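Visitor: Would you mind keeping the following structure in view while I ask a few things?
The values are calculated or read from the model by the stated rules, or taken from the named source; none is laboratory data. These numbers come from a predicted model, not from an experiment. Cβ placement follows ideal geometry from the backbone for every residue including glycine, while neighbour counts extend to all protein chains displayed. Protein only, heavy atoms only, side chains kept; ligands, DNA and RNA dropped before computing areas. Shrake-Rupley method; radii C 1.70, N 1.55, O 1.52, S 1.80 Å.
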Amino acid sequence: MKFTQEQQDIINSSGNIKINAVAGSGKTTTVIEYAATRPAGSKILYLVFNKTVRIEATKKFADKGLQQVKVETAHSLAFRHIVFKHNYKVRAQGYKTHEIAALLNLQGNGEKHAEYIVANHINKCIAYFCNSDQRKVQDLNYLDTVTDPKARAFVSTFYDYIIAQTRLLLSKMDKGEIEVTHDFYLKKFQLLNPELGYDYILFDEGQDASPAMLDLFFKQKAVKVIVGDTHQQIYSWRYAVNSLEKADFTTHHLSTSFRFGQDIAGLASEILELKSHLDENFKTSVSITGAGNSKEIKTRATLARTNLGLLLKAIEYVTENKRSRLYFEGNISSYTYADDGASLYDVLNLYSNKRHLIKDELIRSMKDLAELEDYIEKTEDVQLSLMVEIIKEYENEVPEIINTIKKRHVGNNNKEEADMIFSTVHRCKGMEYDSVELVNDFISEKRLDKLKEDRQNFELNIPKLNEEINLLYVAVTRAKTDLFIPETLLPDTFNSESPHIHVVKVKNEDEELPKKNTFAGAEKNRNKKEKTYSVEQIRTTHKGAYKPWTQDEDDELAGMFSDGCPIKEIADHLGRTRGAIVARIKKLELENFY
């Protein structure tokens, strides 16, 4: 294979280096060749972001004959060193707000739902501390992470109580009195200052590293290589920091993208220049050259900034394309559930005053939607806020809408059969598609100008707005051949006549998405075929797939999965079907940790 001069310089380098790689620039290929040219017998660790990347990278290194390279995620490393050693039980899904309130016997001050609001902030404070590089909770100021005025007022009132209860919950985990979270055992691993014993450590997706992971990495004696794209940082909500800016290493660039042509490269560059609206001295660290020449269209994707924007677009799509097949990146159910466990159906039943049907304890504790919205304001719970917006828009049509989308959804093994793939930007990180259509829910230049005009009235959150621009950049650079982009999202300076960039006209600042009641009856006349089997027959045939999961089984599943055991072996061991194992892995989101 012929390498560019930039790639060759990286492969021939020595000492600690950082690589700023634009989207689609062949960073994995470059890192593999770098590893292949290290001295014989070198022990090499390749740290990656999640399990999916780990599997792909392991295969690529093996195909190259590089058996000396160990591919891990930070969590898989920590799991072996901490969970097994201390015999911890892992709370794979984390703790829900009402569970924390019960565990700590939280007390309010008479303010409505104060114990749940405090519990919500304790959960976030634990995540903030565990992802930080600090050694004590009190070394951080949790209030720095809270922006909404109503939420800040609440946290200020309860601050000492929140911190004390955060420390108590962490202490209970440390002593093994309750199950530990993924964040906890990674933090404990970092605090131990372990020496990993590698000669070279290659750290991928460095722009999304947490301070805890970065501290662990920097303290190693190995030759260190950190790879990422400063403009693809999109996980600050998980307290990630841009480690490329933190690393005082020799800088290398990969500025040629082999994914898309110069037209999309030019648009991506102009989108990054929007950051100059926030900082007049801003200059991109590298110019993007597009060397891709793909012409085929096999995969089509619709990408959105938010779950709400994506779901509305999916509704529009299934209404207009009645025989289409869909695929949602990630577990499709995750688009209808919040991290805390509440579902769209719970919010709908609260809205419809069908309290007996609400399954989530937190939602059930609310008198009405107004109380839930007050809770959302005081906790800054974005996911619940989006659910409320969907319910207000579609009301009782939601079940029919979700059922229709699920019926059209193809399984993971049949993704290539989908007529359209739907994803938020966070879920499609690292993916590429031949044709990409963007939903009009990203930041726009008009919106940035408006914020700049209002700057004197309130303080802008510059890092957050820069990340919003990054989200648009990441979305645009998923396209290999064709890009369909709303005109409102184009920078004012962009005037390309490229046949590969299709400008979608919109009537106003908000894209014209389907409105309430347009969906009802759209599927009423579809042909109905009698089923040749019943649910009871399936349950009888596959009893193991439907029995309740215990905490011990979840722990065994997590342990075997982290060790790379085949699905069939795990299924045989636990006495369940392979489908049940795959479903549980997705439910517990183990792919993101091992």
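Visitor: What figure, in Å² to the nearest 10, do you get for the accessible area of Ser132 with a 1.4 Å probe and non-protein molecules left out?
Guide: Ser132 exposes around 10 Å² with every protein chain in place.
Visitor: What pairs from Lys313/Lys406; Lys275/Lys446; Lys295/Lys480; Lys96/Lys392; Lys18/Lys188; Lys2/Lys64 go past 18 Å between their alpha carbons?
Guide: Lys96/Lys392; Lys18/Lys188
Visitor: Something else now. In nm, give the distance between the simple-model label positions of Ala40 and Glu280, each being 7 Å from the Cα along the Cα-to-Cβ direction.
Guide: Placing both labels 7 Å along Cα→Cβ, they lie 6.1 nm apart.
Visitor: Restricting things to Cα coordinates, could you compute the convex hull volume per residue of the chain in Å³?
Guide: For the chain, the hull spanned by Cα atoms encloses 178 Å³ per residue.
Visitor: Percent of accessible area on the range 1-93 owned by carbon and sulfur, 1.4 Å probe?
Guide: C and S atoms contribute 50 percent here.
Visitor: Pull up all non-local amide H partners of Val241: gap of 5 or more, or a different chain, and H-to-H distance under 5 Å with H placed in the peptide plane.
Guide: Amide H neighbours of Val241: Ala209, Ser210.
Visitor: When the expected Rg is taken as 2.2 N^0.38 Å, what fraction or multiple of it is the alpha-carbon Rg of the range 175-261?
Guide: Computed over Cα atoms of the range 175-261, the ratio equals 1.28.
Visitor: Which ³J(HN,Hα) values in Hz, rounded to whole numbers, follow from the phi angles of the range 44-50 under the Karplus curve 6.51 cos²θ - 1.76 cosθ + 1.60, where θ = phi - 60° and Gly and Pro get x?
Guide: 10, 10, 10, 8, 10, 7, 8
Visitor: Across all directions of projection, what mean area in square nanometres is found for the Cα convex hull of the range 71-203?
Guide: That works out to 9.2 nm², a quarter of the Cα hull's surface.
Visitor: Accessible area of the range 322-476 with a 1.4 Å probe: how many percent of it is carbon plus sulfur?
Guide: Taking all protein chains in place, the range 322-476 shows 46 percent carbon and sulfur surface.
Visitor: Here is a further query. Can you give the calculated 222 nm mean residue ellipticity of the chain, where each DSSP H run of n ≥ 4 adds -39,500 (n - 2.57) and the sum is split over every residue, rounded to the nearest 500 deg cm²/dmol?
Guide: It comes out at -12000 deg cm²/dmol, rounded to the nearest 500.
Visitor: Could you size up the charge dipole of the range 1-130 around its Cα centre, putting +1 on the beta carbon of Lys and Arg and -1 on that of Asp and Glu, and report it in debye to the nearest 20?
Guide: About 380 debye.
Visitor: Also: Would you tell me the accessible area of Arg167, worked out with a 1.4 angstrom probe on the heavy atoms of the protein chains, in Å² to the nearest 10?
Guide: Using a 1.4 Å probe on the heavy atoms, I get roughly 120 Å².
Visitor: Also, I was wondering about something else. Given a 1.4 Å probe, how much area per residue of the chain is accessible, in Å²? Could you put the intermediate results ahead of the total?
Guide: Details: 28110 Å² over 594 residues.
With all protein chains present, the chain gives 47 Å² per residue.
Visitor: Could you pull out every one of the aspartates and glutamates with an alpha carbon less than 19 Å from that of Lys219, ignoring same-chain neighbours closer than 8 positions?
Guide: Answer for Lys219, where 19 Å is the Cα cut-off: Glu72, Asp133, Glu195, Asp199, Asp204, Glu205, Asp208, Glu245, Asp248, listed by chain and number.
Visitor: Run the dipole for the range 127-224 about the Cα centre, Lys and Arg Cβ at +1, Asp and Glu Cβ at -1, nothing else charged, and hand back the magnitude in debye, nearest 20.
Guide: Working: 12 positive and 15 negative charges, 69 e Å.
So the magnitude is around 340 debye.
Visitor: Report, in debye and to the nearest 20, how large the dipole of the chain comes out about its Cα centre when Lys and Arg carry +1 and Asp and Glu carry -1 on their Cβ. Mind dumping the intermediate values first?
Guide: Numbers: 82 positive and 88 negative charges, 412 e Å.
Once rounded to the nearest 20, the dipole reads 1980 debye.
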